Amino acid sequence: RYRYYQNVCAQSYSFAWWDWARWEREIDWMALSGINLAPAFAGQEAVWQRVYRNLGLNQSEIDKYFTGPAFLAWNRMGNLRRWAGPLPPAWHFKQLYLQYRIVERMRSLGMTTVLPAFAGHVPQGILRVFPRVNATRLGHWSHFDCTYSCIYLLDPEDPMFQVIGTLFLKELIKEFGTDHVYSADTFNEMTPISSDPAYLSRVSNAVFRSMTGADPQALWLMQGWLFQHQPDFWQPAQVRALLHGVPLGRMIVLDLFAESKPVYQWTESFYGQPFIWCMLHNFGGNHGLFGTVEAINHGPFAARRFPNSTMVGTGLVPEGIEQNDMVYELMNELGWRQEPLDLPSWVTRYAERRYGAANTAAASAWRLLLRSVYNCTGVCVNHNRSPLVRRPSLHMDTELWYNASDVYEAWRLLLSAGAELGSSPTFLYDLVDVTRQAAQQLVSDYYLSIRQAFQSHALPELLTAGGVLVYDLLPELDSLLSSHSLFLLGRWLEKARAVATSDREAEQYELNARNQVTLWGPSGNILDYANKQLGGLVLDYYSVRWSLFVSVLVESLNSGRPFHQDQFNQAVFQVERGFIYNKKRYPAVPAGNTMEISRKLFLKYYP
């Protein structure tokens, strides 16, 4: 029945600064891909602000609650408050305008829109206005302390739960109409205050009743991430209780990470509630070639055949987009298939469709990528852990799930296809991406040489490996990325500035955008989680870190004093923070010839 698309996190990692033109392209792509169920989450803060004001909160209490635009996804799930905020009034106007157009376009193309609903999280100001309200302060989220997390959760039995939930949804429906599907996540990565099944049933029942209070036909769409994220808490009894607090068939669960950690298998198909088999694939919008093609080629069909299966669709739920197009095209196609595909012949046709012409070398390159970097098996979690995009240390992970030589060979093959396919924009994008992957592998090799040289006190070798990495490989990678518009830091930052209506707003939005892809928090709370390989970022952030690391190691060998990671972390934090506040404007227009830069890198570095 359903082909679902979008992850709540993508609203921040990818869509944060989109204008209508970019949204329109995405919605058209959704229609072309057969997507028929998707969230429409823009503008909800404007409606919440109206509701909070009507309930008697003042503006400063609201400002202490909403985060900045690049972090709203986690504010909506009750993880984070205030960080990088507040939201200027102009932000609300622009988001409302976008939401009108988004829902209108999605519905005109036959899609069912999913609107946000009340999950139970409230600003602290509610406790001032209603001192008798029964609310519990949740614990801290991730590596944030209570300065920016520890949000209040209303008790499901408290009458205000229904008042607030229904008030919000009525206001939202009055504004945007409805297709009767609503999203709410009460315990995303947050441990409930009690594991008593009766309590958990009461919570889900309260959330559902606050939806039906505004729309008797309401259907609740819930992310199933919590069950696999905290399996120690969510034992079968707890999962069943939460799911059965809602009448069977009135909830749809997204089995969010089904390609690696399916939940339907150990919950008897979500104890009778319908579910959508989703491919998560990407965390934090990281670059890096990755896929689990065998798992997605067979997984949905196995889920359909599961005893008493309640599967009602397939879905794409990456945390960030604009990476690894092939995997998403494959997953979209599987939604229409009766049985698994012959992948090598599918990918051969894919290369032809993608470049608009058949090319033997390009097809061979894709078959190599398919069997290697795109075929991670077992429990695969795609976080780019390459030393390139992580804070340097002497204990970095360089493990690969594939044969590095397959990527180098695919790079050689793609370059050889350049004469025929060089005018295709998709070909040039893929050439950058595969060259970038090869360079990422090379960074690991140089890192291992640096570590080996340091540990065996070989100063000349340390200087050589460190020098090549810092003064040649990373600058060359940066110029490659700077030659393509989709790999530019400037594009991300300028889009953030373009949303602003004043210099002050532009500065705030740019800091939001810079912080998200680097420190992710005031003190590197979720450091490099959303790492990207972008022209400008490689040179002024990753490369500067590596330069400091190499010089600290050299200094250690010269002086005979041991290397201390803690001291290095303090020094490198100043470099990371310095990047966020460097005020440098990065070009939003590409420079240089992609083919020439890739070939130059190849001639120097092809192993």
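Restricting to helices (runs of 4 or more DSSP H) lying wholly in the stretch 533-607: which have 3 or more residues that are under 30 Å from A506 (Cβ atoms)?
Values: elements: 543-559, 565-580, 594-605.
Output list reads 543-559, 565-580.
Please list, ordered by first then second residue, the pairs with beta carbon atoms under 6 Å, 6 or more apart or interchain, first in the stretch 170-187 and over 28 Å from I151 (Cα atoms), second open to solvent by 20 Å² or more (accessible area, probe 1.4 Å) and hydroxyl-bearing (S, T, Y).
Pairs found: D179/T112.
Among the residues of the stretch 78-101, is there at least one that is aliphatic (A, V, I, L, M), on the phi > 0 side of the Ramachandran plot and modelled with pLDDT of 95 or more?
Looking only at the stretch 78-101, we keep the residues that are aliphatic (A, V, I, L, M), and these are 80, 84, 87, 90, 96, 98.
Adding the requirement that they be on the phi > 0 side of the Ramachandran plot leaves 84.
Then drop every residue that is not modelled with pLDDT of 95 or more, which leaves 84.
Yes.
Look through C146, C150 and report the one residue that is part of a loop (DSSP other than H, G, I, E, B) and either open to solvent by 50 Å² or more (accessible area, probe 1.4 Å) or without any contact (Cβ under 8 Å) to a residue 12 or more places away in the chain (or both). Write out each step before concluding.
Values: C150 fails: either open to solvent by 50 Å² or more (accessible area, probe 1.4 Å) or without any contact (Cβ under 8 Å) to a residue 12 or more places away in the chain (or both).
Sole residue among the options that is part of a loop (DSSP other than H, G, I, E, B) and either open to solvent by 50 Å² or more (accessible area, probe 1.4 Å) or without any contact (Cβ under 8 Å) to a residue 12 or more places away in the chain (or both): C146.
Among all residue pairs at least 6 apart or on different chains, which show Cβ distances below 7 Å where the first residue, located in the stretch 445-458, is among the aromatic types (F, W, Y) and the second is in a loop (DSSP other than H, G, I, E, B) and open to solvent by less than 30 Å² (accessible area, probe 1.4 Å)?
From the stretch 445-458, the pairs are Y447/M396.
It is to be established whether one or more residues within the stretch 520-531 are surrounded by 19 or more Cβ atoms within 10 Å (Cβ to Cβ) and either without any contact (Cβ under 8 Å) to a residue 12 or more places away in the chain or assigned to a helix (DSSP H, G or I) (or both).
Looking for residues that are surrounded by 19 or more Cβ atoms within 10 Å (Cβ to Cβ) and either without any contact (Cβ under 8 Å) to a residue 12 or more places away in the chain or assigned to a helix (DSSP H, G or I) (or both), one finds at least one in the stretch 520-531, hence yes.
Filter the stretch 283-309 down to residues that are free of Cβ contacts under 8 Å to residues at least 60 places away in the same chain and open to solvent by less than 10 Å² (accessible area, probe 1.4 Å) and give me whichever is farthest from the chain's Cα centre (by Cα). Give the derivation first.
Of the stretch 283-309, the ones free of Cβ contacts under 8 Å to residues at least 60 places away in the same chain are 296-309.
Narrowing the set further to residues that are open to solvent by less than 10 Å² (accessible area, probe 1.4 Å) leaves 296-297, 300, 303.
Working: I296: 19, N297: 22, P300: 22, A303: 25 Å.
Looking at residues that are free of Cβ contacts under 8 Å to residues at least 60 places away in the same chain and open to solvent by less than 10 Å² (accessible area, probe 1.4 Å), I get A303.
Which condition breaks for P262 when tested against (1) surrounded by 24 or more Cβ atoms within 10 Å (Cβ to Cβ); (2) within 28 Å of N79 (Cα to Cα)?
(1)
When you go through (1) over 23 Å from Q265 (Cα atoms); (2) over 27 Å from the mean Cα position of the chain (by Cα); (3) open to solvent by 30 Å² or more (accessible area, probe 1.4 Å); (4) in contact (Cβ under 8 Å) with a residue 12 or more places away in the chain one by one for R349, which number turns out not to apply?
Checking R349 against (1) over 23 Å from Q265 (Cα atoms); (2) over 27 Å from the mean Cα position of the chain (by Cα); (3) open to solvent by 30 Å² or more (accessible area, probe 1.4 Å); (4) in contact (Cβ under 8 Å) with a residue 12 or more places away in the chain, the one that fails is (4).
Against the condition under 22 Å from L481 (Cα atoms), in contact with a Gly (Cβ under 6 Å, 6 or more places away or on another chain), open to solvent by 50 Å² or more (accessible area, probe 1.4 Å) and in contact (Cβ under 8 Å) with a residue 24 or more places away in the chain, how does P587 come out, does it pass? Steps first, please.
Values: under 22 Å from L481 (Cα atoms): yes; in contact with a Gly (Cβ under 6 Å, 6 or more places away or on another chain): yes; open to solvent by 50 Å² or more (accessible area, probe 1.4 Å): yes; in contact (Cβ under 8 Å) with a residue 24 or more places away in the chain: yes.
Yes.
Would you mind stating whether N324 is on the phi > 0 side of the Ramachandran plot and either buried (at least 16 other Cβ atoms within 10 Å of the Cβ) or of a type in the set (G, A, S) (or both)?
Details: on the phi > 0 side of the Ramachandran plot: yes; either buried (at least 16 other Cβ atoms within 10 Å of the Cβ) or of a type in the set (G, A, S) (or both): yes.
Spelling it out, N324 is indeed on the phi > 0 side of the Ramachandran plot and either buried (at least 16 other Cβ atoms within 10 Å of the Cβ) or of a type in the set (G, A, S) (or both).
Residue by residue through the stretch 378-397, note down the ones that are more than 16 Å from S449 (Cβ to Cβ) and among the polar types (S, T, N, Q).
N382, N384
Determine if the stretch 194-211 includes at least one residue that is closer than 26 Å to L37 by Cβ, open to solvent by 40 Å² or more (accessible area, probe 1.4 Å), of a type outside the set (S, T, N, Q) and free of Cβ contacts under 8 Å to residues at least 60 places away in the same chain.
yes
Residue under question is W401, and the condition is that it be surrounded by fewer than 21 Cβ atoms within 10 Å (Cβ to Cβ), of a type in the set (F, W, Y) and either more than 23 Å from K600 (Cα to Cα) or at pLDDT 95 or above (or both); does it hold?
Values: surrounded by fewer than 21 Cβ atoms within 10 Å (Cβ to Cβ): yes; of a type in the set (F, W, Y): yes; either more than 23 Å from K600 (Cα to Cα) or at pLDDT 95 or above (or both): yes.
Taking the combined requirement at face value, the residue satisfies it.
Just the residues that are on the phi > 0 side of the Ramachandran plot and open to solvent by 30 Å² or more (accessible area, probe 1.4 Å), please, taken from the stretch 119-143.
S142
Residues are listed down the side, and each one gets a yes or a no for (1) outside the structural domain of V373 (by the TED database); (2) crowded, with 22+ Cβ neighbours inside 10 Å; (3) among the charged types (D, E, K, R):
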{"site": "Y408", "(1), (2), (3)": "no, no, no"}
{"site": "L413", "(1), (2), (3)": "no, no, no"}
{"site": "A417", "(1), (2), (3)": "no, yes, no"}
{"site": "E420", "(1), (2), (3)": "no, no, yes"}
{"site": "S423", "(1), (2), (3)": "no, no, no"}
{"site": "D430", "(1), (2), (3)": "no, yes, yes"}
{"site": "R436", "(1), (2), (3)": "no, yes, yes"}
{"site": "R451", "(1), (2), (3)": "no, no, yes"}
{"site": "H457", "(1), (2), (3)": "no, no, no"}
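The values are calculated or read from the model by the stated rules, or taken from the named source; none is laboratory data. Keep in mind that what you see is a predicted model, and the values were worked out from it rather than measured. In this analysis, Cβ positions are derived from the backbone assuming ideal geometry, glycine residues included, and neighbour counts consider all displayed protein chains. Keep in mind that these areas ignore ligands, DNA and RNA; they rest on the heavy atoms of the full protein, side chains included. Shrake-Rupley method; radii C 1.70, N 1.55, O 1.52, S 1.80 Å.
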